[in-house]
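Working notes, beginning with the structure itself.
The values are calculated or read from the model by the stated rules, or taken from the named source; none is laboratory data. It should be emphasised that the depicted structure is a prediction, and the values quoted were computed from it without experimental measurement. Every residue, glycine among them, receives a Cβ derived from its backbone with ideal geometry; neighbour counts consider all protein chains shown. Quick note on the areas: whole protein, heavy atoms, side chains included, nothing else; ligands and nucleic acids left out. Shrake-Rupley method; radii C 1.70, N 1.55, O 1.52, S 1.80 Å.
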Amino acid sequence: MPTNESLADLSNSLLLWAIVVYALAMTCYAIEYAFGAQGAVAAVVRRPDTRTVRQSALVGAGGDDAVPGDVESGSAADPESQPRDESSVGWIGVLRRAAIAATVLGALCQVGSLIARGAAADRVPWGNMYEFICVVCLVGVVSWLVACVTRRQLRHLGVFVLLPVVLLLGLAGTVLYADAAPLVPALNSVWLRIHVSAAAISSGIFLFGFVCGVLYLIRHGYDTRTSNARISSGARPLSFPFTLGPRLPAADSLERLTFRVHALAFPLWTFAVIAGAIWAEAAWTRYWGWDPKETWAFISWVVYAAYLHARATSGWRGKRAVYIVLLGWATMMVNLFVINLVQTGLHSYAGVS
Amino acid sequence: MLRAMTFQARRLWGQLVSMRTALVLLFLLAMAAVPGATFPQRDISPADVAAYYDAHPTLAPILDRFWAFDVFGSPWFAAIYLLLFVSLTGCLISRVRVHLLPLITGPPAAPARLSKLPLHATVGPVTRSPAELADTVRSTLRGVRWRRIRQVTEPSGSITLSAERGQLRELGNLVFHFALLVVLIGVAVGGLWGWKGGAVIVEDSQFCNTVQSYDQFERGQLVADSAITPFCLSMSDFRAQFLPNGQPVRYEADVRYEADKSDDDSGARTTEPRTPYTLEVNRPLRMDGAGVFLINHGYAPILRYTDRYGTVFESPTPFLPKDNGLSSDGVVVLPDANQDPDGQDRAPNVQVAFEGVYVPTAPPLPPYVRSEYPTRRNEGITLLGYQGDTGLDSGIPRSVYSLDQQRVAAGDLDLVGSAFLRPGETWKLDDGSQVTFVGTKQWMSVEVSHDPGRLTALGGAAAMVLGLLVSLFTRRRRLFVRCGVGGAGIGTTIELAGLTRADSEAFAAEFSRIVNAVREVTSQQPDFEDFPNPSISSKS
């Protein structure tokens, strides 16, 4: 019953270390991003029509092992992935490897922090808002690392993932912090493991998907701006977010990644909501009662469903569909912060006083 | 005229079932749900709605006119989701035609010009007959698990193969959308035939399941009184555990229950229900046709009031907890106090009421209105005594949690004094009556509910997830092969083409692997040991 104070302290200091290490990794990524071989001053590389490249490669190359068009594994067809790989030999490469190592280390610190927390309170470590955000951030980082294993051209983009993660963790560790403690009776259920972990994991993947969507929009905006500039030859300088564009992977490839990440997160989120409904039936007598948290979970679900539909609708695929992703993440954030901290409902487990 | 109308109707229907409309309706649904999470809702917390009315006296009635406090039962919310489901159904009907039939009939014949397809490759020419090559290619395809193959011999002598994989994608898609309808049906069944009620049960008392015994009761439109499962439930002990800081960690109630037992049976109240059960949060008591859920708990102070004539009134009255220390408010109303047992007429204005604040752990110093801990470590009760006309003219002492302050203001009820009592202490009032704080019992509030649609909804939800997984993780793709007479007039050329809607990258890789495999097996004499599946190669 009583919490183990030394373990709780260990958990807290591990989280602090995780934030510090993430921040360090972020700095490495940022330096590498700014001064890498393809820095912000690199010439505009017009993306060739990948489809024709792919087909000619296919017809011409015959039995060549170079599998055509597999942009996602970073081997060919993305004209920018090749030079970047060469860039990883010099000090820039060392920096990148250090950054990735630091990210892994930070994630391990977070895992340790969560384990210590769970052991301290003798329960699963996602019983209040602070712990929930920690899990979401960990899942976000891990899903990015997993994506990096096969998609080499993502590896220098860590700064974009770690930025929201460090912000969320900082917020969680300061404003939202709650001491390790046993659960209130309403949370004491096997469904806490199922419902909350599914919600946290899918939220983490949605976080990663949101980052992919933002990167796609930046790259897409960069592409249209530079091609328009070429047409009108009006020398309008690129404004801030689009200046990041040239070093991002091809828009196509980012768009597909965004979809894939959401295609993974959406069924999980559906499952999380259903598991929540089953739990609600056992705890509160009804499986659905339009509690503010439930309502916002439903809103997010509908918005993400709209994204999946939009992507299959002609005229919506691409930029418009990805805007829905941003909207979806906004509803997730409303659900996490506004509903937990401002509204009173049955899901009042934030533990923030 | 009629034709014009049917044309218009068809056009309207076409628009309603289009993806674009579905998208707009989805957005509308999401937006429509927002006020439901912003404004307090009547079915969830009527008290909050009342508070909102107090805080915004001019705005609230206007909002109310637009169902802002009943969003999820409002006509406009219903309009959106009904339109969405009509659109969904229409969409499904056409999809069943387009996507389910090919599941049965197999892939379509190869198109005339394969070079128009997004993926295209040519192998050969090879000095073998089209039929021979078709067999070879066929077995190669089967070897990499393309099993649904249709073979067509064209008039020119060319042989085409069409193959398809991942057809389950559309099936999953259809299952997901049908399952949504099933969930809606489950919700509707629960709404029409379900019922629920809330009741407070004090330790050592019994509750029997009839509509009259509930503090509040809601039922679906098709629920008759007879549909309400008869059972009785008694509670003998309630245990709550707390951390040193007052946070609760466990609630348990020892109950006994008996189905098919009712209040009306003579003598039913004298016998205890038979089956014991430990009711907990997250561990409801499920009986056939009803579930009993532990919702809340609190203390019921027992006051013994002895009136001027010596008549004694004693019963526990549930008080409503108002903070984490379980400081509780309540009112004990005694409408029958101070009536002369020998008198003929009811004496007016002699009724008695006590307004109280009960604290399970009183602070060391007054005021004793805020409890320091939720268990009974140092309990006490502060009472305000009133005399006059309580407005309750008959019956037993009732548990209401607050006194009608209008009566106090109007002078119907006079404050006669106040006192703080610890267990066993007695307060003598000026009129010779006295009140003793005997002690407390605990109470629990339960919700009893019956939802006949919940398993339907659960089944629908499970099917939704399954359908979703299949439709999102299956890639549907088609492959066409034409073994035709080569351009130079010698041998046979193999043309391959591929088509997919989603994830063209992965399919391009798969396609090139197939092309390579075909090239390999046709460029040399077929060596059967290289075939993963040699046995079927010459058949069919």
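Quick notes on this one:
For every residue, the table says whether it meets (1) modelled with pLDDT of 90 or more; (2) open to solvent by 10 Å² or more (accessible area, probe 1.4 Å); (3) of a type outside the set (Val, Ile, Thr).
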| residue | (1), (2), (3) |
| --- | --- |
| A:ALA297 | yes, yes, yes |
| A:TYR307 | yes, no, yes |
| A:PHE337 | no, yes, yes |
| A:VAL342 | no, yes, no |
| A:TYR349 | no, yes, yes |
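- Residues of the stretch A:160-169 that are open to solvent by 10 Å² or more (accessible area, probe 1.4 Å) and within 24 Å of A:ASN12 (Cα to Cα): A:LEU163, A:PRO164, A:VAL166, A:LEU167, A:LEU168.
- Search result, residues across the stretch A:184-226 that are open to solvent by 30 Å² or more (accessible area, probe 1.4 Å) and in a helix (DSSP H, G or I): A:VAL190, A:TRP191, A:ARG193, A:ILE194, A:HIS195, A:ILE201, A:PHE210, A:VAL214, A:HIS220, A:THR224, A:ARG225
- Residue tally, condition part of a helix (DSSP H, G or I), within 7 Å of another protein chain (Cβ to nearest Cβ), closer than 30 Å to B:ARG286 by Cα and in contact (Cβ under 8 Å) with a residue 24 or more places away in the chain, over the stretch A:285-333: 3
- Considering the stretch B:407-501, the qualifying strands (runs of 3 or more DSSP E), each wholly inside and each with 2 or more residues that are surrounded by 18 or more Cβ atoms within 10 Å (Cβ to Cβ), run over B:413-421, B:434-450, B:477-485, B:492-500.
- Within the stretch B:18-35, none of the residues are under 26 Å from A:GLU294 (Cβ atoms), within 13 Å of another protein chain (Cβ to nearest Cβ) and in contact with a Pro (Cβ under 9 Å, 6 or more places away or on another chain).
- Note on the stretch B:188-218: residues that are assigned to a strand (DSSP E or B), more than 14 Å from chain A (Cβ to nearest Cβ) and modelled with pLDDT under 90 total 4.
- Some residue of the stretch B:115-135 being surrounded by fewer than 21 Cβ atoms within 10 Å (Cβ to Cβ) and closer than 30 Å to B:MET464 by Cα: no
- Matching entry among A:PHE259, A:PHE242 (being within 9 Å of another protein chain (Cβ to nearest Cβ) and either in a helix (DSSP H, G or I) or not acidic (Asp, Glu) (or both)): A:PHE259
- Flag for B:ARG95 being over 21 Å from the mean Cα position of the chain (by Cα), within 30 Å of B:ARG478 (Cβ to Cβ), surrounded by fewer than 17 Cβ atoms within 10 Å (Cβ to Cβ) and facing another protein chain (nearest Cβ under 10 Å): no
- Within the stretch A:249-258, considering residues that are touching a residue at least 60 places away in the same chain (Cβ under 8 Å) and within 14 Å of A:ARG151 (Cβ to Cβ), the one most open to solvent (accessible area, probe 1.4 Å): A:ASP252
- Unique residue being closer than 21 Å to B:VAL416 by Cα, open to solvent by 10 Å² or more (accessible area, probe 1.4 Å) and not charged (D, E, K, R) when the list is B:VAL352, B:VAL332: B:VAL332
- Residue within the stretch B:52-71 that is within 26 Å of the chain's Cα centre (by Cα), more than 10 Å from chain A (Cβ to nearest Cβ) and within 17 Å of B:VAL187 (Cβ to Cβ) present: yes
Residue-wise test of (1) touching a residue at least 24 places away in the same chain (Cβ under 8 Å); (2) over 47 Å from the mean Cα position of the chain (by Cα); (3) in a loop (DSSP other than H, G, I, E, B).
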position	(1), (2), (3)
B:LEU103	yes, no, no
B:ALA121	yes, yes, no
B:ARG128	yes, yes, yes
B:THR136	yes, yes, no
B:SER139	yes, yes, no
B:ARG142	yes, no, no
B:VAL152	yes, yes, no
B:SER162	yes, no, no
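- When the test is whether a residue is free of Cβ contacts under 8 Å to residues at least 24 places away in the same chain and within 11 Å of chain B (Cβ to nearest Cβ), A:PRO267 passes it.
- Test set (1) open to solvent by less than 70 Å² (accessible area, probe 1.4 Å); (2) modelled with pLDDT of 85 or more - B:ASP54 fails condition number: (1)
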